[in-house]
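The values are calculated or read from the model by the stated rules, or taken from the named source; none is laboratory data. Note that this is a predicted model, so its numbers are computed, not measured. Every residue, glycine as well, gets a Cβ built from its backbone with ideal geometry; the counts of neighbours run over all protein chains shown. Calculation scope for accessible area: heavy atoms of the full protein, side chains included, ligands and nucleic acids excluded. Shrake-Rupley method; radii C 1.70, N 1.55, O 1.52, S 1.80 Å.
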Amino acid sequence: MGVKNYTESKIREGNFFEDFYPGMVLVHATPRTITSGDQALYTAFYGSRFAFSSSDEFARSLGFARAPIDDFLAFHIVFGKTVADISLNAVANLGYAEGIFGVPLYPGDTVSTVSDVIGVKENSNGRTGVVYVRSTGRNQNGEMVLQYVRWVMVRKRDVNTPAPEVVIPELSTGVVVTSLSIPCELNLTEYDYALSGSAYRWGDYSVGERIAHVDGMTIEEAEHQMATRLYQNTAKVHFNQHTEAEGRFGRRLIYGGHIISLARALSFNGMENGFKVAAINGGTHVAPTFAGDTIYAWSEVLEKIELSGRDDVGALRVRLVAAKNNNCESFPLKNSEGRYDEDIVLDFDYTILMPK
Amino acid sequence: MGVKNYTESKIREGNFFEDFYPGMVLVHATPRTITSGDQALYTAFYGSRFAFSSSDEFARSLGFARAPIDDFLAFHIVFGKTVADISLNAVANLGYAEGIFGVPLYPGDTVSTVSDVIGVKENSNGRTGVVYVRSTGRNQNGEMVLQYVRWVMVRKRDVNTPAPEVVIPELSTGVVVTSLSIPCELNLTEYDYALSGSAYRWGDYSVGERIAHVDGMTIEEAEHQMATRLYQNTAKVHFNQHTEAEGRFGRRLIYGGHIISLARALSFNGMENGFKVAAINGGTHVAPTFAGDTIYAWSEVLEKIELSGRDDVGALRVRLVAAKNNNCESFPLKNSEGRYDEDIVLDFDYTILMPK
Amino acid sequence: MGVKNYTESKIREGNFFEDFYPGMVLVHATPRTITSGDQALYTAFYGSRFAFSSSDEFARSLGFARAPIDDFLAFHIVFGKTVADISLNAVANLGYAEGIFGVPLYPGDTVSTVSDVIGVKENSNGRTGVVYVRSTGRNQNGEMVLQYVRWVMVRKRDVNTPAPEVVIPELSTGVVVTSLSIPCELNLTEYDYALSGSAYRWGDYSVGERIAHVDGMTIEEAEHQMATRLYQNTAKVHFNQHTEAEGRFGRRLIYGGHIISLARALSFNGMENGFKVAAINGGTHVAPTFAGDTIYAWSEVLEKIELSGRDDVGALRVRLVAAKNNNCESFPLKNSEGRYDEDIVLDFDYTILMPK
């Protein structure tokens, strides 16, 4: 057709299922220097109050040069770069595993992300397939900031392409304790429990303990759009009401990571001393959220982890559940048939550090 | 009830009236390092145009190391920390007095807040009481950044608790001139009236003069939520539409400090050289505001204050009134019976510095 | 009238047509120190992904000290200062010409703007006139950051004022190649095409080539208000729903520069290596936009420009067209009578630098 004469090849329309193969390495575009401006916006989006990432002085009292960037801001920046190459044609973001945080990220550091394709499996419908990638964010010195596996369901460009050989990676279903990266500068001698907001330490939590975090946060369209653009995440569904009006939900979807950050910020009330995220063991975005939804969260302590050689700090493996328009006082999760309740939006499994 | 098994003690539900007593000292959580990112957001929220907090070069020309953080941004950060301990169970924020700004706050400084309870008085209904606190924000060197008194009406946890002895502090109803903290580095020899936006100086204003500030600003839900979270203010009424829909107004309330900042920014047009806030003498949040309201403001010069030993700078005590959906050309305030007009939302009394 | 006793002279109501004369120099108020906070907000507003302004490391690899502020953020800051003096009483912003970017702007730099009136022409209706100004933004060292001409239609204060002598400046309709300011530090030897997001260079584009940029971005009220306030642009129509409800459109108008920035960010997909804006040759805000509109963009290569003495970098003169609620796949522009299609909002002519 004459009028549609643009050079289609110059437009990046993202990879389709058949473009991925195990062993493929994707160097993602747009390195990003993180600044205190990003951290200020992060605080404005979620209201996070963990003293460690709010105060340079508090971080210094723990042996750090200054307050590192919030862990999930680091996650979003690392993740955002992968979207254009991995999930632009995704139907669903299926899960996370083996997420490990490495060196802290400070304002002024520059992050780049590289992903390794570690598995592919075509779905029986022949129209989509699952792609497994391990993504690694590094700072300007090449040090690992964050590494995690995610798997996504991606559309095929051409349903007639034959299915590739199935490769499914073996993934840990828990956190490998020895791989937990405890920042070597960490020193909790001076930890101030008045400034952190709570006197409860690692020893005060027990396996199976559940905490409903009380507060709720209503999401506005402008907030999640600004957040998701800040992360340079380019997934179209978050920004374009003109096309989404015709889509499955009739409206823009909220980036799932926005919910993780909201839930983490809400979890402050009851887990104030879980100052640092050490690992992402797993996670599922159970259902989509939309502007106007109010997010609540609850946590369950899954495991208490002793860290070898450290008697001042321990780790808690925590299930963090977010629900919409349900205050979580009854710890909603699944019904008797094992299906998630309809207001559950996130079922997340992560590990946090806490003073002993 | 079996299902509600969370450790209630780990959740901070805030203090109730009977928890407060004169002499009580509250060390508030979450120290906060202020950055140029916070200042950028502040400009984005209110559009402030005072050259002194907009330009490092302008501030240097006045003897400062660089542009200090906007005074009311400092106020909001200091104030925000107090909410979780003082006003989480507040019915109303009743008033301010004896507010004094100390050393300027610069990007990179870290602020902490401590409050002293200086009065309590149970209300005759036996369900609520008034708590008076003096809150002091300090920087990382322990220098006073801001100190002010506020009193709030707080719910009792248990209406059967006996009333405490009444203690009502004696509070100044005006600004104590000698306590005005004039930054010692201040030098107005190079003050540039083209860059500041107006040639009107201290001598050009007269007591009783009133200025309607012409411009209006409509508030969006996303804006006040982001601002209030940036200040790490945790009052639930600002963020949770799911519960507020069932509340008194059916919607989220806007943090009163958001209105102070909007009014201050609007006051630029007509008081461009009131470059620095020196004191908060009093103030009342007369009525709530909601997203969609358009805020206007007018000012009245209450007093002209000579500063001892300074012939280059004087102070103006100013009444700053904000109204919603009323352009303030007729200086709305109170009716003949002394009741505030229904569109008045703020009646504020503060002191600003101006070149002579 | 007794009640309206404010000192009208203290309120800046902006200049009217008869206040302008050729040769008039306007020193605009409120110098502004740009920070990494401003850049973070800019990214949050538009999602820009050009590596050059996203990564200090990428910028260093090109010979710069760090990542400069995004070019259009510089434009908006320089422009914003002019509004209070030039276009507060404007009916329409008619066009741009002869825009040249000078030295890059870095976080920490302070920008001031001065405008020279270079033409006036009263309209035949006797109620309005066109004012031509050349505005120059400079950094704290007096170096030119950006210079451009714009012309606006401004209301007369008094229709009985006689028309001034007509002065219409001669303006270039194209970019003067020799005036293109190529940063002297620029060195493209290390340019990384994986990190920039595309392998297409200057030589891969041809005159007449058109690219539809695929993505669309829906604008929220809170976003454009925050952006426009960040630029300290004081045009009332962007912020005051209370008065705009009674106005021509019944709603707030979006600052035209917001559309330029959105279109530029959207143009990344297909022109990833157009890393730096060198000139604004012309531009028209064809129609207003409102919150809820979804902006799309397409580009046409108008001219390929060799830069003398440089075999590593070339310039492309590009037409950048933005449309609302039209995905631009059919390159919408004008109908057979030469009138713009009704969904076109911006027709912009600018020059970008690209590695050869």
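Listed by chain and number, the aspartates and glutamates whose C-alpha is less than 20 Å from the C-alpha of A:Lys356, apart from same-chain residues fewer than 8 away, are A:Glu185, A:Glu190, A:Asp192, A:Asp204, A:Glu209, A:Glu272, A:Glu300, A:Glu303, A:Glu306, A:Asp311, A:Asp312. Considered as an equivalent ellipsoid built on the Cα gyration tensor, segment B:188-356 has semi-axes of 32, 18, 14 Å, the largest given first. Looking at segment A:12-158, the accessible area is 28 square angstrom per residue; that uses a 1.4 Å probe and ignores ligands, DNA and RNA. Derived scalar couplings between HN and Hα for segment A:23-28 equal x, 5, 10, 10, 8, 7 Hz in order, rounded to whole Hz, by the Karplus curve 6.51 cos²θ - 1.76 cosθ + 1.60 (θ = phi - 60°), x for Gly and Pro.
Among A:Ala74, A:Ala40, A:Ala315, the largest mean-square fluctuation in a Gaussian network model of chain A (Cα springs under 10 Å) belongs to A:Ala40. Close amide H contacts of C:Leu88 (hydrogens built in the peptide plane, cut-off under 5 Å, sequence separation of 5 or more or a different chain): C:Asn15.
For segment A:199-264, report the % of Cα-Cα distances exceeding 18 Å. Of the Cα pairs, 52 percent sit more than 18 Å apart.
Note on C:Lys81: lysines with a C-alpha under 22 Å away, same-chain residues under 8 apart excluded, are B:Lys276, C:Lys10, C:Lys156, C:Lys236.
Please find the FRET efficiency linking B:Glu303 to C:Val27, where r is the Cβ-Cβ separation and R0 is fixed at 35 Å, and quote it to the nearest 0.05. Efficiency for this residue pair is about 0.60.
Note on segment A:117-169 and segment C:100-130: Cα centroid distance 52 Å, given to the nearest whole angstrom. Scaled against 2.2 N^0.38 Å for its residue count N, the alpha carbon radius of gyration of segment A:12-158 is 1.17. Taking all Cα pairs closer than 8 Å and separated by 6 or more residues, the relative contact order of segment B:188-356 comes to 31 percent. Ligands, DNA and RNA aside, C:Met226 has an accessible area near 0 Å² when probed at 1.4 Å. Modelled this way, with points 7 Å down the Cα-to-C-beta line, the labels at C:Asp343 and A:Ala163 are 4.0 nm from one another. Rolling a 1.4 angstrom probe over segment C:56-123 with all protein chains present gives an accessible area of which 54% lies on carbon and sulfur atoms. Stretching B:Leu171 away from B:Asp311 to a fully extended chain increases their span by 47.4 nm, per 0.36 nm per residue minus the current alpha-carbon distance.
Between C:Gln140 and A:Ala194, the modelled labels are 3.8 nm apart [label points 7 Å from Cα along Cα→Cβ]. For the residues B:Arg49, B:Arg138, B:Arg127, a GNM of chain B with alpha-carbon springs under 10 Å puts the largest fluctuation on B:Arg127.
The Rg/Rh ratio of chain B, with both radii computed over alpha carbons and Rh defined as the Kirkwood radius, is 0.97. Here C:Thr289 sits with roughly 0 square angstrom of accessible surface, probe radius 1.4 Å. The accessible surface of segment B:188-356, taken with every protein chain in place and a 1.4 Å probe, is 44 percent carbon and sulfur. Backbone amide hydrogens, once placed in the peptide plane, bring A:Lys276 within less than 5 Å of A:Leu353, excluding anything fewer than 5 places away on its chain.
Using a Gaussian network model of chain B in which every pair of alpha carbons under 10 angstrom is joined by a spring, one finds that among B:Lys156, B:Lys276, B:Lys334 the greatest mean-square fluctuation is at B:Lys334. Give me the summed buried accessible area for the B-C pair, 1.4 Å probe, to the nearest 100 Å². Result for this pair: about 3600 Å² buried.
For C:Lys334, the aspartates and glutamates whose Cα comes closer than 13 Å to its Cα, not counting residues fewer than 8 places off in the same chain, are C:Glu342, C:Asp343, C:Asp347.
Between B:Ala65 and B:Ile182, the distance separating the two model label sites (each 7 Å from Cα on the Cα→Cβ line) works out to 2.3 nm.
Rg/Rh for segment B:94-198 (Cα atoms only, Rh after Kirkwood) is 1.14.
Here the Karplus curve 6.51 cos²θ - 1.76 cosθ + 1.60, taken at θ = phi - 60°, turns the phi angles of segment C:247-252 into couplings of x, 4, 10, x, 7, 5 Hz, with x standing for Gly and Pro.
Only Cα pairs under 8 Å and 6+ residues apart enter the sum, and on that basis the relative contact order of chain C stands at 19 percent. Rg/Rh, computed from the Cα trace of the protein assembly as shown with Rh as the Kirkwood radius, has the value 0.96.
Report summary: the helix-based calculation at 222 nm, which adds -39500 (n - 2.57) for every DSSP H run with n ≥ 4 and divides by the residues of chain B, gives -4500 deg cm²/dmol.
Stokes-Einstein diffusion of segment A:70-151 at 4 °C, 1.567 mPa s viscosity, Kirkwood radius from Cα pairs, rounded to a whole number: 97 µm²/s. Summarising the amide proton neighbourhood of A:Asp109: residues at separation of 5 or more, or on other chains, whose placed amide H is nearer than 5 Å comprise A:Ile34.
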